[in-house]
1. Go through segment 4-57 and give me each residue that's within 22 Å of residue 173 (Cβ to Cβ) and β-branched (Val, Ile, Thr).
2. So if I check each of 104, 56, 49, 77, which one is over 16 Å from residue 125 (Cα atoms), in contact with a helix residue (DSSP H, G or I) (Cβ under 8 Å, 6 or more places away or on another chain) and not charged (D, E, K, R)?
3. Among the residues of segment 216-236, count how many are touching a helix residue (DSSP H, G or I) at 6+ places or on another chain (Cβ under 8 Å) and free of Cβ contacts under 8 Å to residues at least 60 places away in the same chain.
4. Quick check on segment 196-215. Is at least one of its residues over 17 Å from the mean Cα position of the chain (by Cα), within 22 Å of residue 84 (Cα to Cα) and free of Cβ contacts under 8 Å to residues at least 24 places away in the same chain?
5. Considering only segment 238-260, state which residues are closer than 28 Å to residue 303 by Cα and under 20 Å from the mean Cα position of the chain (by Cα).
6. Looking at residue 317 and the list (1) out of contact with any strand residue (DSSP E or B) (no Cβ under 6 Å at 6 or more places or on another chain); (2) part of a loop (DSSP other than H, G, I, E, B), which single condition is not satisfied?
7. Starting from residues that are among the polar types (S, T, N, Q) and either outside any helix (DSSP H, G or I) or in contact with a Ser or Thr (Cβ under 9 Å, 6 or more places away or on another chain) (or both), keep the ones in segment 349-365 and report whichever is surrounded by the most Cβ atoms within 10 Å (Cβ to Cβ).
8. Checking residue 170 against (1) within 20 Å of the chain's Cα centre (by Cα); (2) not in a loop (DSSP other than H, G, I, E, B), only one condition comes out false. Which one?
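Any read-out appearing in this document is the output of simple, stated calculations on the displayed coordinates, not a laboratory observation. Values in this document were obtained by computation on a predicted structure and should not be read as measured data. Positions of Cβ are generated from backbone atoms using ideal geometry, with glycine treated the same way; all protein chains shown enter the neighbour counts.
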Amino acid sequence: MKIDFFKHNIGTKEKRDLCKVLDSIFLTTGDAVREFEKRFSKYIDCKYTIGLMSCTSALHLSMLAYGIGPGDEVITTPMTFVATAASIMHAGAKPVFVDVEPATGNLNADLIEEAVTNRTKAILPVHLYGNMCDMREIRRIAKKYGLIVIEDAAHAIEAQRDGYKAGELADAVCFSFYATKSITCGEGGAVSLNDKEKSGLIRKLSLHGLTRGAADRYVGKYRHWEMNMLGWKCNMSNIQASLLLNQLANIEKYRAKREKIARRYEEAFSDVKGMNFPKVPKNSKSGRHLFTIWVDPRERDEALHYLQTKGIGAAVNYRAIHTLDYFKKVLGYHIGDFPVAEMIGDSTISLPLYPKLSVKETDYIIKSVRQMKLSHTRFGITP
């Protein structure tokens, strides 16, 4: 049996919406983007959303809008994709890593205050796998030290914890619509926030620093644009937005299907010796973006290759990024600096988890995983 690691939810309705845009005058930022921004803001309970080309650009522009730059430090997690730290560095600031919780892989809020210095400007938590960090504690620390909070919710559009949605306790929250995300347009992202001034600044920074986009200039009487700051080019297009609108309308239905599959995995793997998996925090609604298993690092690659020979698409999300060559060289980190993140990164295998995964395919994955011959029966992380 051949099972892909991921399949998107783009169907007939999304294709019809796309064709409407292709038959129109405006392929770039226009009415479809504005409609998506409005609906997305309503879904996550934020006043403003700016559609962008990626979550990376959302993080980067959020840093700039909140005045984070050279000489500043931003506390974040090493258990994430490289874009989280890269966005900090693109703003001219320095990422300062803090180790993660052994049960979830999320930024360990209990360790944050130890990392605060007189250069710390912000905290950037990442909601790994779709499970939210302890945002109440992170917000408390931020308030105590006067810090900005920018959430990386690339995995967690639908997530909640302790009654709060992603972004509700932050200054800004950034999302991804990359090819493997809950809703996708291939490449895409957004930032949502409640600050009108900052939202306007991010929108301007996303389009060269211009005072008006193309669609705004051609509505009614022609209006000239001005450029009064240096910006970038990372605005979302109508093409991207057209693919997202109907997926957004069905986002909870998609999540419910992933939840059902994830719970089957949890039940099936709970008694497998030498294996563990991240736990959903109490009082949480998980986005269920990824389902990962953790095996002994000595056997991870062999187990990964075994699943591939069985036709199962599997991946590693993620290796601890402070162990990657670039961050070791530029930031001076070493193996052993963040042992929990390293253990998780060396142990992780991500399994297929998406709404189109059939019962038969799920059964086959479960059977194949349970048949893996794990000789090391003690796993190194104890939640």
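1. Residues satisfying the conditions are 29, 33, 44, 49, 50, 56.
2. Every option except 49 fails the conditions.
3. Adding up the residues that qualify gives 5.
4. Looking for residues that are over 17 Å from the mean Cα position of the chain (by Cα), within 22 Å of residue 84 (Cα to Cα) and free of Cβ contacts under 8 Å to residues at least 24 places away in the same chain, one finds none in segment 196-215, hence no.
5. 255, 257, 258, 259
6. Failing condition for residue 317: (1).
7. Taking the candidates together, the pick is 350.
8. Going through the list (1) within 20 Å of the chain's Cα centre (by Cα); (2) not in a loop (DSSP other than H, G, I, E, B), residue 170 breaks only (2).
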